[in-house]
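Following: one structure in structure tokens, then a few remarks.
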Amino acid sequence: MVNLQIKGKRLVNLALAMVKVARPVHWTKNISIFAALLFTQTLFIPVYYQTVIVAFIAFCLATSSTYIFNDILDAEKDRLHPIKKNRPIASGVLPKNIALLEAIILACLAVSIADIINPLFLMATIGYIVLQILYSLVLKNISVIDILIIASGFVLRVYAGTFAINAHLSVWFLLCVVSASLFLAAGKRRSELNVTSDTKNLTRKSLAKYPRELLNSYVTMFANASWMSWALFTFFESPKTNLRAWLFLAEISKATTISKLLMVTIPVVIFGIMRYESLIFEEKSEAPEKLLLTDIPLIASVLLWATMTVWILYGGISATY
């Protein structure tokens, strides 16, 4: 009986470790797949949002498989890291052979689901997996390139969602995505440098090649680019509407014309970027996905931005199609 209880406990711990190593909290990054659905004004069309939900699931499986593969390769180095040493593989709770099998199964499931959607989404999914494998093997050790690869992961997520519903996003939105992705990637590296402040014990080779001042300048540069690109997007891509309230507002003054309405979200975006940048320099942004679930001001700014954006984009659109 005691042996059965011990074996049962080990199986439960192993199962929990298999869930933890997949990093489900990181799936918040995959919410960016819904961007095309939102900004092409197809959010409430069942066939489109159902497709994107399936695409989201596929990408969650794909990203988890790459996280596991990276953790297998980094197990020895992670043991030297004050936070990463608690990961299932680094801590020894999850054997590498079981983790590798899990990564392969998840990747196969992701590709199988992606194949159901359409060929372009399948290519985006496979491209993401291959890129992340190359990142884990080689590219993460090359300074500047590593930041570009992290950022490209966010860009691929957005455009995978675009491919899933065969939509079109303007070049201004692409500029927003690229700028914000580089901001998040640079912020991640800056926080990693904070955590591993002793350069003799760095767990990532590329960090040794980043002077603190250089990462500070990257963060500042891409933060500015992020809010400016969003401002340009809102100026050139704000929607038209036929809702009487907005038309009446436009009649009162040209300054309140509907074609500029999306610009009212700019202050919220600036606040969110300022808040996130302050967290970077407070050494709290090594895991941006956790901040989106724990930092109240940041959560509030994201929710307010999302509410305002949906209200503006869909406020004058008929509910029937």
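Results for (1) surrounded by fewer than 17 Cβ atoms within 10 Å (Cβ to Cβ); (2) in contact (Cβ under 8 Å) with a residue 24 or more places away in the chain, shown as yes or no for each residue.
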position	(1), (2)
R23	no, yes
E76	yes, no
K84	no, yes
A90	no, no
I116	yes, yes
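Residues in segment 128-142 that are surrounded by fewer than 15 Cβ atoms within 10 Å (Cβ to Cβ) and not in a helix (DSSP H, G or I): V138 only. In this entry, L43 is excluded by the filter for residues that are outside any helix (DSSP H, G or I) and either polar (S, T, N, Q) or more than 20 Å from the chain's Cα centre (by Cα) (or both). What about S152, is it in contact with an Asp or Glu (Cβ under 9 Å, 6 or more places away or on another chain) and either among the charged types (D, E, K, R) or farther than 13 Å from R189 by Cβ (or both)? Spelling it out, it is not the case that S152 is in contact with an Asp or Glu (Cβ under 9 Å, 6 or more places away or on another chain) and either among the charged types (D, E, K, R) or farther than 13 Å from R189 by Cβ (or both).
The single condition among (1) farther than 24 Å from K290 by Cα; (2) surrounded by fewer than 20 Cβ atoms within 10 Å (Cβ to Cβ); (3) of a type in the set (A, V, I, L, M, F, W, C) that L148 does not meet is (1). Of all the numbered requirements in (1) more than 28 Å from L214 (Cα to Cα); (2) part of a helix (DSSP H, G or I), L94 misses one, and that requirement is (2). Residues that are at pLDDT below 90 and in contact with a Ser or Thr (Cβ under 8 Å, 6 or more places away or on another chain) were ranked within segment 56-78; the one that is nearest to L156 (Cα to Cα) is D74. Does Y49 count as under 20 Å from I165 (Cα atoms) and without any contact (Cβ under 8 Å) to a residue 60 or more places away in the chain? For Y49, the condition - under 20 Å from I165 (Cα atoms) and without any contact (Cβ under 8 Å) to a residue 60 or more places away in the chain - is met.
The values are calculated or read from the model by the stated rules, or taken from the named source; none is laboratory data. This one's a predicted model, so the numbers in the text were calculated from it and none came from an experiment. Glycine gets a Cβ as well: all are built from the backbone with ideal geometry, and neighbour counts include every protein chain shown.
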